[in-house]
Every structure is written in C-alpha cells, then in structure tokens.
Amino acid sequence: MPNFPEETPADAPDSSGSTNAANPAVAPVGDRRPTGESVGASAPGGTSSPVGNPSSAGELLDSILQSKSDLFRGSREVLRDTYVPNRLPHREQQIRSVAEVLAPALRGEVPSNLLIYGKIGTGKTAVVAQVRQDMERRTEPGGSRLTFVALNCGNIDTPYSLLQTIGNSFAKAEPDRIPTGWSLDRVQAAMARLMDARGGTIVLVLDEIDRLVARSGDNVLYTLSELNRGLDQARMVLVGISNDLKFTNHLDARVRSRLNEEKILFPPYDAIQLQDILRERAREAFKDGIVDPGVVERCAAYAALENGDARRALALLRLSAEMAERDHAKRITPDHVVKAKNRLEQDIIVECCRTLPPHCKVLLYAILQSYERRRNGVLTGEVYDSYKRLAERLGLQPLHARSISNYVSELESLGLIRATIVSRGRGGRTREILVDVPLSETMPALEEDPLIAPIGRPRSRGQMLLTNFDNPNRTGPF
Ligand SMILES: Nc1ncnc2c1ncn2[C@@H]1O[C@H](COP(=O)(O)OP(=O)(O)OP(=O)(O)O)[C@@H](O)[C@H]1O
Ligand SMILES: [Mg+2]
C-alpha cells in the first residue's frame, strides 16, 4: 500500500459541509453516477454563485446551470462512464484480437463465437464498442450486411425478455414486434423470423453474460448457440463478455465449447497504464494547466490498488474536479484527490450497508453500537447478545449463533469489520471484532434505513467518532 501521509482522515469534518442527505444518489459501484455533481458544481451560498444565495431547489439548480466551470473545457460527459473515447491506450492488442476474430463478418463469412474475460473496469465494453464502430464504418453500402446487437444482460431478467429484446431490435414496424405473454418457443420462432428478414451476419454481444447465467441458467445460451441451424438468410455469432473468470465452469459442456471457440483475456491495468488513460482523458476534459502534478498519479495509484479498474480511476478524477469546484479552487490539487477518495469510499460503504440482508443489517448495527460505546474491539458473544436484543425489539425472530457467525465472516469479507481470534485462557478462543468503517457515516446511513429506523437514535449530524478507518493495516475492498 503506498504511503500517503497527508491523507485526510475519513472522519475529519468535511469542509464542504456535505452530508449524505445532500447527496442521496448513490448508485451501485459498477454503475456509479458522479456523486456530488448535483451539489458540487456550485455550493449553496458560494460566493461565485451568479444568483447569490439560492434558497429554493429551483434557484440552486439555476445557479448550478448558470455557473461556468473554471476547470472544464467543455462537457463533463468526457469523464463519464458512458463516454467512449476515440483512443483506448493499452488496449491496442485486445482491439486487434477482437477485430481479427470478427473481421470475417465484413466479407460475409460467419466468425467464431467469442468470449471476453477480464476484471471490472478493464475496458471490455469499451473495446467491443470501438471495434463495432470501426466495423460499421467499413461496411460498404450494398455489400454484405452486418448488424450488431449489443445487450447488457444485467438489465434483463428472463430468457423470455432476452429473446424478445433481440427479436424486437430487428422489428421494422410496430406489428412486427414480439409482445409479452407468448410461449418461449413462439418468441424464439418469431425472433428467428425477424433475424432472417434482416439477413446477413448478426453479431450478438451479450455483455455481463455471467449475470444472465447466474439468474436464468444456461438454457437460453444453448438456444442461441443452436440458432444458426434454424436460420435461412441470417447467420449469428455470439460475443459474450464476463468479469467472472470462472463462469463457464457452470455451463453445459456443449454450450461451453460453442461459446469458447475464441477467448480473449483483458488483464487489469497497472498504475502507469492508468496514468496514461487519465492523462489523455484529462487533456480532453479540462482547461490547460489546471491539473496539478501528482493528481493523475495519485488517482492512478489508488485505482491500481482496486484491481486496476479504469472506471474507478476516472471516477476519482471526476470527483477530484468536483471537490476543487466546491472549494472554488482554480486548480485541482492532490488534496482534492484525497478528499475525492474518502468521499468515494464513504459512498461505497454506505451503499454496501444499505444492500445487506435484513439480519445482517441488524447485526452490523449491533456491532457499531457496541463499538461506539466501547471505542474498542467487541467480542462475538457480546455482539450476539446485542443483536438478539435488537432483533427482538424489531419483532424479528433472531437467527442462531451459527448463522450470525457466518454473517460476521460476510461482513469481514466486505471489508466493513475485522475479526481477530483472541485467546481467553481456559475460556477458549473467541473472535474480537473491530470496525473498519467510519461510524459517523455508517450509523446514520443504517438509521435512515426503514428496517433499523425504529431502534435508531436521533443523532446530530457531524458527530465524529474515532474508528480504524484510516488504519493502514486494514484489509478488504475499501
Ligand atoms: N484503455 C482505456 N482508455 C481509455 N478509457 C478506458 C480504457 N479502458 C477503460 N476505459 C474507460 O473506463 C471505464 C470502464 O471501462 P469498461 O466499461 O469498458 O470496463 P469493463 O471491463 O467493461 O468493466 P465491467 O466488467 O465492470 O463492465 C469506461 O469509462 C471506459 O471508457
Ligand atoms: Mg462492461
């Protein structure tokens, strides 16, 4: 872990005075919208606000819209996840490999099916989008017909809706569309008819294919991999994208061998590669000379620790700019990166707590309460007793100690707590639990949860408590 001695403790009062109440839009990690953008461009009451001290939400929004950024060259979209840059540094080899596999489609031949693997934020979706753009530009009018259909399986619930969505992407008019309520066989036949009507080579990109399989099994993939047998005028090739490297282990052998005809692995980026990616994006996004030395390096170093995730690196850069704007600064400094990192971590932690199963939430709240009282490690026996009391107060049937012990392990693997084995002489061994998240953010987040609210205490915002959050020995995803 690199040493950043000047880091602001996560619990230190935030000079922006921001709270989660001011920043409610915390999206899942993989799909994060820039936190703070809604409040960050111009702090309420900021001296640079063109409308002075806006008192209503409307005035605040007006002031944000009217305030010109001193930092951004133009649109902030350049730093967003959805923006596809013209160049993808350090992915040249993967671009070439994907293009090589799919190129036969340009000559009217059917390429091999392709599976793309790699951890989150390694550029899989961006590379396929770029190859698609390049291939579409090269299809000649009147030449062999090539159609890309790209779907994110994370948004698709059932095999029915997958086949329906694929089919409907070829529907020319409303009556051609596949409605809901048909049998699966009928949807499949209608989808094949629509594809044949289009003809040519169809490249079906199934992004986050592992989520489809986890949700609905592999039958639908079998159906798709067999589809060419039933097509007359069209030929389909499958491109699966997954960040679960082992997901094909769970597939039926036939499906696995069909999907695996070609495989491309995307390795994580290292810190130097992330710097190149960020520098290029920063040049496009910001006015000249406003990014201080050390900013890009620091964003890259943090993201390299997070499995080389380019999305995380870009989020940090974007949030650093927003922190600078909140400070009405003319330049982005390494301190803004530290603030951005703390903000990002807090938001991720809060989101993580909110999505825990109910008993796990009660357990975490029991742990935080005990920890807050003791400011020291708490033993699992005590934690279980407090959990039981809280669960009963909430009218829940407490789970057995065994299940709670599993939940302790789960909270530990999420990086929210740390449990160490301690010996109690003849009393045997037990686990001592330390909290690894900032109480000042996490407790109010849990207390705002409808499940916990009845047992939560009113607390004043800004109440700061000591935690191990900045303990350099802490482990876990944060
Ligand atoms: N080499 C690169 N150059 C510039 N930007 C990149 C590069 N690689 C990734 N990015 C950017 O990082 C973000 C994440 O990339 P992308 O969505 O392609 O990752 P992914 O591998 O599909 O991740 P996931 O598995 O979470 O879907 C995007 O905004 C993308 O534009
Ligand atoms: Mg992706």
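Quick one: length gained pulling residue 80 to residue 400 fully straight, 0.36 nm per residue minus the C-alpha distance?
Working: separation 320, 0.36 × 320 = 115.20 nm, distance 4.51 nm.
The residue 80-residue 400 span can extend by a further 110.7 nm.
At q = 0.10, 0.17, 0.25, 0.26 Å⁻¹, what base-10 log of I(q)/I(0) does the Debye formula yield for the range 80-172 when every alpha carbon is treated as an equal point scatterer in vacuo? Here the Debye-derived log intensity ratios amount to -0.32, -0.93, -1.39, -1.39. Sorting 157-166, 175-184, 307-316, 264-273 by average packing, meaning the other beta carbons within 10 Å per residue, from highest down gives 307-316, 157-166, 264-273, 175-184.
Restricting the GluC sites (Glu not before Pro) of the range 207-282 to loop positions (DSSP other than H, G, I, E, B) with no more than 15 neighbouring Cβ atoms within 10 Å leaves 261. Of interest is the spacing of the C-alpha centroids, which for the range 284-307 and the range 310-333 amounts to 9 Å. Rounded to the nearest 20 debye, the dipole size of the range 356-455 about its Cα centre is 580 debye, using +1 on the Cβ of Lys and Arg and -1 on the Cβ of Asp and Glu. Each label point was placed 7 Å from the Cα along the Cα-to-Cβ direction; for residue 219 and residue 197 their separation is 2.7 nm. What you get for the range 92-266, charging only the Cβ of Lys and Arg (+1) and of Asp and Glu (-1), is a dipole of about 60 debye around the Cα centre.
Where the centroid of each part is defined by its Cα atoms, how far is the range 123-170 from the range 378-451 in Å? Measuring centre to centre over Cα atoms gives 46 Å. Each of residue 110 and residue 136 was given a label point 7 Å from its Cα along the Cα-to-Cβ line. The distance between the two points is 2.4 nm.
Bear in mind that the values in this text are calculations on the coordinates, not laboratory data. Note that the coordinates shown come from a computational prediction; the quantities given were computed from them, not determined experimentally. As a convention, Cβ positions derive from the backbone with ideal geometry for all residues, glycine included, and neighbour counts pool all protein chains shown.
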